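Quick notes on the structure that follows.
The values are calculated or read from the model by the stated rules, or taken from the named source; none is laboratory data. Bear in mind that the values here come from a model prediction, so they are computed numbers and not experimental data. Glycine gets a Cβ as well: all are built from the backbone with ideal geometry, and neighbour counts include every protein chain shown.
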Amino acid sequence: MFLMMDSEISFIISLENIIAYYTPLILTLIISILGIFYFMLYYYKNKKYHFLFSSIGFIALLVLVGALLSIGVDALGLSITPVLGALLPLFISLAVFYLIFPRMWLYYFVFVILGIILIGVTKLSIPVIHSIAGLVIVAFPIYGLIKKLYPWKIIFITLGGILIGVGGLALASLSMGKPILPLEMVLTLLPSILFLMSLFFFFGFYLVTKK
């Protein structure tokens, strides 16, 4: 009787863990696909580079989520995982930079290219590059709002930036073998963080184009 109850409890816990892991990742996958097609379509129509950059960011997210869905948490041990985790904020931050400073975006584009090269040379550069990109994503929309360049809806991008800062650094540190958060906490929170982050980014850029 008691063994049966323990078995049932274990099954429920397992099922809950599966739902908690796969559901937000599947939703993130859907949002990523929508983001890629929507922003590429807008880029084709308007030739505004922030649409292109945000699409590339969503492509990096799509590949990352696809790996997490296909091979599970083992994807965190892949050498490409921290790279994808850095490409996402790099290109999202480039899109934000273009929105706020459209005449100066080429300077930041140089930083993005150098960042990609550094990531290819050494993974030790990932936390630094990730932090700079995260700061741009969080701070620049606030600046744009204060200067009345965009409506309050651009703050959705800032919220996504906060989440990508927490999730990205945790993911990068975990992949490098120096976790800043316990492994169990990262595995529990990461799917939901990726989902909320993608949702905030999509609506932030979408609503800004609809201003």
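Starting from residues that are out of contact with any helix residue (DSSP H, G or I) (no Cβ under 6 Å at 6 or more places or on another chain) and among the polar types (S, T, N, Q), keep the ones in the range 45-75 and report whichever is modelled with the lowest pLDDT.
Going through the qualifying residues, I end up with Asn46.
Pick from Ala86, Ala95: which is touching a helix residue (DSSP H, G or I) at 6+ places or on another chain (Cβ under 8 Å), more than 23 Å from Tyr206 (Cβ to Cβ), among the small types (Gly, Ala, Ser) and part of a helix (DSSP H, G or I)?
Result of the check over Ala86, Ala95: Ala86.
Report yes if Ile30 is closer than 23 Å to Gly167 by Cα and modelled with pLDDT of 95 or more, otherwise no.
In short, yes.
Kindly evaluate Leu88 against the criterion of being surrounded by 20 or more Cβ atoms within 10 Å (Cβ to Cβ) and at pLDDT below 95.
For Leu88, the condition - surrounded by 20 or more Cβ atoms within 10 Å (Cβ to Cβ) and at pLDDT below 95 - is met.
Among the residues of the range 98-111, which ones are without any contact (Cβ under 8 Å) to a residue 12 or more places away in the chain and part of a helix (DSSP H, G or I)?
If the condition is that a residue be without any contact (Cβ under 8 Å) to a residue 12 or more places away in the chain and part of a helix (DSSP H, G or I), then Leu106, Tyr107, Val110 are the ones that fit.
Being farther than 21 Å from Leu194 by Cβ, in contact with a Pro (Cβ under 8 Å, 6 or more places away or on another chain) and assigned to a helix (DSSP H, G or I), is that true of even one residue in the range 134-152? Break it down into steps so the answer makes sense when it comes.
Within the range 134-152, the first condition is being farther than 21 Å from Leu194 by Cβ, and the residues that meet it are 139-140, 142-152.
Filter once more, keeping what is in contact with a Pro (Cβ under 8 Å, 6 or more places away or on another chain): 145, 150.
Going one step further and asking which of them are assigned to a helix (DSSP H, G or I), we end up with 145.
Yes - at least one qualifying residue is present in the range 134-152.
Identify the single condition in (1) at pLDDT 95 or above; (2) under 14 Å from the mean Cα position of the chain (by Cα) that Phe140 does not satisfy, given that it satisfies every other one.
Result: Phe140 fails condition (2) only.
Looking at Ile36, Ile30, Ile26, which is the one that is surrounded by fewer than 21 Cβ atoms within 10 Å (Cβ to Cβ), part of a helix (DSSP H, G or I) and free of Cβ contacts under 8 Å to residues at least 12 places away in the same chain?
None of the other options fit; the residue is Ile30.
Across the range 36-46, which residue is nearest to Ile56 (Cα to Cα) among those that are of a type outside the set (Ser, Thr, Tyr) and touching a Ser or Thr at 6+ places or on another chain (Cβ under 7 Å)?
Taking the range 36-46 first, the residues of a type outside the set (Ser, Thr, Tyr) are 36-37, 39-41, 45-46.
So of that shortlist, the ones also touching a Ser or Thr at 6+ places or on another chain (Cβ under 7 Å) come out as 36, 39-40.
Details: Ile36: 7, Phe39: 10, Met40: 9 Å.
The extreme case among them is Ile36.
For the range 133-160, which residues satisfy the criterion of being crowded, with 16+ Cβ neighbours inside 10 Å and either closer than 27 Å to Gly77 by Cβ or of a type in the set (D, E, K, R) (or both)?
Ala133, Gly134, Ile137, Lys153, Gly160
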